[in-house]
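Report on one structure; see the data block that follows.
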Ligand SMILES: Nc1ncnc2c1ncn2[C@@H]1O[C@H](COP(=O)(O)OP(=O)(O)O)[C@@H](O)[C@H]1O
Ligand SMILES: [Mg+2]
C-alpha cells in the first residue's frame, strides 16, 4: 500500500511561483488498478512523479508499506525505483537504435531476469522481437514500453497518459493488454489520464482539480476496454 | 546564436596554433635577416638548427592543430544543425533558400578570429622572453623583434576567412535535404541490414556502449586526440627540459594539456548531450549513475588508451628525428633516450585526469533528467 500524506509541491519562485499540489493526501491500495483523473494542469503528473519517487515533495510523506521515501538520498531513491517502480511515459521513449528485444531487456536486466520474452509475448509482440521502434506503430511502441517497465517486475507500475498520443482504437488495445496483465499478475497499477471513460476500467478513481483531490471512489466492477466505448 | 559560445573549443585551438606558429615564424623571419652576415662554421650549424626547429615546430604543431580545428568546425556545424533541425526546417518551409540560411553560418568564423587574434597578441607579449632564451648563449648576434604584416594576414585574416567560408559551405551541404526530414523529430532509426543477427547475449549496458560508439564516430576522434596530445606533450615536455629549455617544456605542456582537456570536454559533452533522453529514461528506471556512465561513455575508454599509445610513439619518433637529423651537427645537445619514467608518470596522470574529468563532466552536463522526460 502507498500512502501519500499532505503532499505539497510548487514550482518556480517569486511571482512565477505556482502550486502544483496543495496538500494532497491519498491511499493507493496494493494489487489494485487506480486511475488519477483530472483536467490538464490539475497536477496529476506531479502527483505521479512524487508517488513514484522521480521527484521529491516540498513537504509531506510518501510511504510504501510504512517506509517514507521522500527523505531518501538520491542514491537510495534510485535504488528504490530500481527495485520497486516501473514507469510508462506518454512519449514511449524507446531507444531508437535497439530492437524490441533489446529495449525490453533494458528493463529485465535490472531485475536479473532472463525470461523477459514471456512479457513481450504477453503484450502481443512476440513476432516483432527484431524490429526497431521506428518500424512499429505508436500502439506497438507503447506496448514495448509497457513490456520494458514490466520486465523489471516492479511492485508498482505507473503510467502517465499512456494512450495520450494514440488514436482511440489503438489506445483501447493497449489498455486492454495492460489491464489484463495487471489482473493476472496482481501488481499495483496507477494510471494518469484526462479521459473520463478510461477511469471506468479501474478499481479506484481519484479525481483531481487544481492541485487537490476532490473525490476518491471505488468502481463496483471494472469494465473492459471494449465496454467503455470512447 | 548563443550556441556560438560552444565554439570555445575552436577558439582555444586556434589560439594555441597561432601562438606557437606566430612565435616561431616571427623568430624565423627575424633571424633570416642575419643570414647575410658571414657566420663561422659552428655558429652556422647552430643557426641552421634554429631555423629547422622553427620550421619543424610550425609545421608539426600548426598542421596538427589546423586539422583538428577543421574537423571540430565540421563537427560543430553538423551537431548544430542536428539540434536545431526544427527551426531550420521552419525557415526552409517559410521559403528561405538554403544559401540564405547557410549564409548566416559565417558567424562561426568569429571564433577563429578571436582565437587567432588573441594567440598572436600573446605571442608578441611573450616574444622578448622567448628571443632571449633562444639566444641565451649569445651565439647569434642580438636579434631585434620585427613585426611582419604577412604574419597577421597569414595567421589571422586568412584562417578567419577560410573558416567562415567553410562554415557556410558545410551548412549549405547539410541543409540540402527535404524540408520534412528536417521538421520530423530526431527519432531517426537505422535499420542495420546485412550485419545479420547480433550476438544475442550481450548485456544491455555493453550493447549501449557499442551503439553509442558506433553512432558517434566523430567522438572517437576527439577522445583519441585528447589522449594523444596529452601523452605526447607531457612526455615531450620532460625531454624538452633537457634538450632545449624549461620554457619550451612548459609551453608544450600547457598547450598539450589545454588541448587534451578541450577535446575531451567536447567529446564527453556531445556524447552525454546527445544521449540525454536515454540517460533520463535509465535514471527513471533506476539505473545508477555509474551504470549509465558506463553505458554511454565506457566504450571510449579503450579508444583513449589507444590514443595514448599513439601519442607516446609519435613523440618518441618526433624527438628522435629532431635529435638525429636536425641537431646532428650541433654540439652540446644531450643524447636522447626513451624516458620510461616520464611514460609511467604521464600514464598515471592521464588515467587520473580522464576518470576524474569524466566523472565531473557527466555530473554537470546531465542536469535535471526529470525535465528531459516530462518535456519541460
Ligand atoms: N517542471 C515544472 N516547472 C514549472 N511548473 C510546472 C512544472 N511541472 C508542472 N508544473 C505546473 O504544475 C501544474 C501541474 O502540472 P502537471 O502535474 O503536469 O499537470 P497535469 O499532468 O495534470 O496536466 C501546472 O500548472 C504546471 O504548469
Ligand atoms: Mg501530465
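Checking the structure you have, find out if any residue of region B:250-262 is over 21 Å from the mean Cα position of the chain (by Cα) and without any contact (Cβ under 8 Å) to a residue 40 or more places away in the chain. Lay out the reasoning, then the answer.
Applying the first criterion (over 21 Å from the mean Cα position of the chain (by Cα)) to region B:250-262 yields none.
No, because not a single residue in region B:250-262 is over 21 Å from the mean Cα position of the chain (by Cα) and without any contact (Cβ under 8 Å) to a residue 40 or more places away in the chain.
Restricting attention to region A:95-109, report how many residues are closer than 17 Å to residue A:130 by Cα and part of a helix (DSSP H, G or I).
Residues of region A:95-109 closer than 17 Å to residue A:130 by Cα: A:95-108.
Retained after the next criterion (residues that are part of a helix (DSSP H, G or I)): A:100-108.
Of the residues in that region, 9 qualify.
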| Under 7 Å by Cβ, and 6 or more places apart or on different chains, what pairs join a residue from region B:346-363 that is at positive phi with one that is modelled with pLDDT under 95? | none
| Single unsatisfied condition, residue A:55 versus (1) facing chain B (nearest Cβ under 9 Å); (2) away from ligand 1 (no atom under 16 Å from the Cβ); (3) surrounded by fewer than 23 Cβ atoms within 10 Å (Cβ to Cβ) | (2)
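What helices (runs of 4 or more DSSP H), lying completely within region B:270-324, carry at least 2 residues that are more than 24 Å from the chain's Cα centre (by Cα) and within 12 Å of chain A (Cβ to nearest Cβ)?
Helices (runs of 4 or more DSSP H) meeting the threshold: B:276-285, B:289-297.
Anything in region A:29-44 that is in contact with a helix residue (DSSP H, G or I) (Cβ under 7 Å, 6 or more places away or on another chain) and within 6 Å of ligand 1 (Cβ to nearest atom)? List them, or say none.
At the first step, the residues of region A:29-44 found to be in contact with a helix residue (DSSP H, G or I) (Cβ under 7 Å, 6 or more places away or on another chain) are A:33, A:35-38.
The answer is A:38, and nothing else.
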| query | Here are some conditions: (1) more than 14 Å from chain B (Cβ to nearest Cβ); (2) crowded, with 18+ Cβ neighbours inside 10 Å; (3) assigned to a strand (DSSP E or B). Residue A:61 meets all but one. Which one does it not meet? | reply | (2)
| remark: Those strands (runs of 3 or more DSSP E) completely within region A:122-224 that have 3 or more residues that are within 13 Å of chain B (Cβ to nearest Cβ), in contact with a helix residue (DSSP H, G or I) (Cβ under 7 Å, 6 or more places away or on another chain) and modelled with pLDDT of 90 or more are A:156-160
| query | Within the set of pairs 6 or more residues apart or between chains, which connect a residue that is within 14 Å of chain B (Cβ to nearest Cβ) and within 19 Å of residue A:60 (Cα to Cα) inside region A:8-19 to a residue that is more than 8 Å from ligand 1 (Cβ to nearest atom) and not in a strand (DSSP E or B) with Cβ atoms less than 7 Å apart? | reply | A:9/A:50; A:9/A:57; A:9/A:58
| query | Can you pull out the residues in region A:110-121 that are surrounded by fewer than 18 Cβ atoms within 10 Å (Cβ to Cβ), part of a helix (DSSP H, G or I) and in contact (Cβ under 8 Å) with a residue 40 or more places away in the chain? | reply | A:111
| message | Need the failing condition index for residue A:87 against (1) within 14 Å of chain B (Cβ to nearest Cβ); (2) touching a residue at least 12 places away in the same chain (Cβ under 8 Å); (3) buried (at least 18 other Cβ atoms within 10 Å of the Cβ); (4) not in a strand (DSSP E or B), just the number. | response | (4)
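The values are calculated or read from the model by the stated rules, or taken from the named source; none is laboratory data. Keep in mind that what you see is a predicted model, and the values were worked out from it rather than measured. Neighbour counts run over all protein chains shown; Cβ positions are idealised from the backbone, glycine included.
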